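Contents: one structure, followed by commentary.
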Amino acid sequence: MAHTPLLSDGTALRDGNVLRRVGQLGSAHDGVREWQLQRKSALALIPLGIYFVASMVRLATSDQATAAQWLASPVPALLTILFVLALFVHAVVGLRSVLLDYVHTRALLVAGELSVRAAAIVLAGAGVLAVLKLFLAH
Amino acid sequence: MTRMERPLSPFMFPVWYRFQLTSLMSILHRLTGIALAVGSILLAWWLVAVAAGGEIFAATHAFLSSPMGVLLLFLWSVAFFYHLCNGIRHIVWDAGYGFEIRSAFRAGYAVLGVTVLLTVLAWLPLWLI
């Protein structure tokens with residue numbers, strides 16, 4: 001039976017060949033990969049974000065011992081680290097797309113992109129280290 | 001011949017474009033995304049404060065428990081729930097579904113409704129205590 005083409009068959013979310021096809025038509029550089037990274041990190045953030053924010057309802061204003069004990073447990077520690085990593089990947093891609101839209105000076109654009117990346121690496125690194133410290137000290 | 005002064009993005013909305021829920025929700029998605037990225041500084045700070053303990057945690061805890069801190073947490077939660085729900089709406093579009101104008105508006109109202117619902121659910125336990 002012939003396959004009826006769907007609009008969704010042609011979207012970059014579904015079609016693994018889209019990068020190759022774009023490459024033959026003319027370069028989109030890393031556009032498709034970045035587009036996919038934004039969606040993949042978004043999909044990861046749906047369960048991870050809900051889990052973390054649901055936990056924060058209780059923990060955001062709790063005392064240090066309660067929060068430390070939670071972050072030292074294996075499942076919260078792992079999921080918090082994954083949440084932090086996915087969050088900063090998603091934030092870098094998203095902020096980059098904002099900069100690309102509104103910053104039209106090459107030097108400012110490069111400076112902005114590098115600042116966003118540097119800040120994300122420092123913040124993600126600090127967050128992961130903090131969780132690891134609590135987890136390993138437990 | 002005089003050339004028309006053309007308006008440039010992001011200043012097209014709402015002066016040059018008629019108000020529409022869909023375009024408002026589009027720019028809100030980006031604004032909440034930026035806000036959440038800025039808010040992630042506080043998230044990383046909080047994790048470090050828990051690990052550090054002592055005075056750093058005490059100061060962080062005092063800030064988060066203050067009216068200003070609670071307001072920030074509230075706005076952060078609204079931004080998070082909106083960006084989460086509207087992000088799912090975008091994923092559905094990216095998968096190739098729901099492009100009809102009716103669907104776009106229906107999903108838009110659903111996103112707004114669920115955002116309010118999730119915000120209330122998240123804060124209800126704190127109000128009840």
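The values are calculated or read from the model by the stated rules, or taken from the named source; none is laboratory data. For clarity, every value in this text was computed on a predicted model and none was experimentally measured. Methodologically, a virtual Cβ is constructed for each residue, glycine included, from the backbone with ideal geometry; neighbour enumeration extends over all protein chains shown. To get the accessible areas, we keep the full protein, side chains included, count just its heavy atoms, and leave off ligands, DNA and RNA. Shrake-Rupley method; radii C 1.70, N 1.55, O 1.52, S 1.80 Å.
Tally the residues that are over 18 Å from residue B:46 (Cα atoms), crowded, with 18+ Cβ neighbours inside 10 Å and within 9 Å of another protein chain (Cβ to nearest Cβ), restricting the search to segment A:99-138.
Within segment A:99-138, residues that are over 18 Å from residue B:46 (Cα atoms), crowded, with 18+ Cβ neighbours inside 10 Å and within 9 Å of another protein chain (Cβ to nearest Cβ) number 1.
May I ask you to list the residues in segment B:23-37 that are at pLDDT 95 or above and among the hydroxyl-bearing types (Ser, Thr, Tyr)?
B:32
Among A:96, A:106, which is touching an Asp or Glu at 6+ places or on another chain (Cβ under 8 Å) and over 30 Å from residue B:128 (Cα atoms)? First the steps, then the outcome.
Numbers: A:106 fails: touching an Asp or Glu at 6+ places or on another chain (Cβ under 8 Å).
Among A:96, A:106, only A:96 is touching an Asp or Glu at 6+ places or on another chain (Cβ under 8 Å) and over 30 Å from residue B:128 (Cα atoms).
Output the residues belonging to segment A:60-76 that are within 11 Å of chain B (Cβ to nearest Cβ) and part of a helix (DSSP H, G or I). Show your work before the answer.
In the first step, residues of segment A:60-76 are kept if they are within 11 Å of chain B (Cβ to nearest Cβ); the result is A:60-72.
Scanning segment A:60-76 gives A:64, A:65, A:66, A:67, A:68, A:69, A:70, A:71, A:72.
If I ask for residues that are more than 9 Å from chain B (Cβ to nearest Cβ) and more than 9 Å from the chain's Cα centre (by Cα), which ones from segment A:87-98 would you list? Give the derivation first.
Within segment A:87-98, the subset more than 9 Å from chain B (Cβ to nearest Cβ) is A:89, A:93, A:96.
Residue satisfying the conditions is A:96 alone.
Filter segment B:74-106 down to the residues that are in contact with a Phe, Trp or Tyr (Cβ under 9 Å, 6 or more places away or on another chain) and without any contact (Cβ under 8 Å) to a residue 24 or more places away in the chain, then identify the one that is most open to solvent (accessible area, probe 1.4 Å). Give the steps one after another, and end with the answer.
Initially, segment B:74-106 is screened for residues in contact with a Phe, Trp or Tyr (Cβ under 9 Å, 6 or more places away or on another chain), giving B:74, B:77, B:93-94, B:99, B:103-104.
Restricting the remaining residues to those that are without any contact (Cβ under 8 Å) to a residue 24 or more places away in the chain gives B:93-94, B:99, B:103.
On the way: B:93: 55, B:94: 24, B:99: 117, B:103: 41 Å².
Residue satisfying both the conditions and the ranking: B:99.
Specify which of the listed residues (B:48, B:15) is open to solvent by 50 Å² or more (accessible area, probe 1.4 Å), out of contact with any Phe, Trp or Tyr (no Cβ under 7 Å at 6 or more places or on another chain), aliphatic (A, V, I, L, M) and at pLDDT below 95.
Details: B:48 fails: at pLDDT below 95.
Just a single option satisfies the conditions, and that option is B:15.
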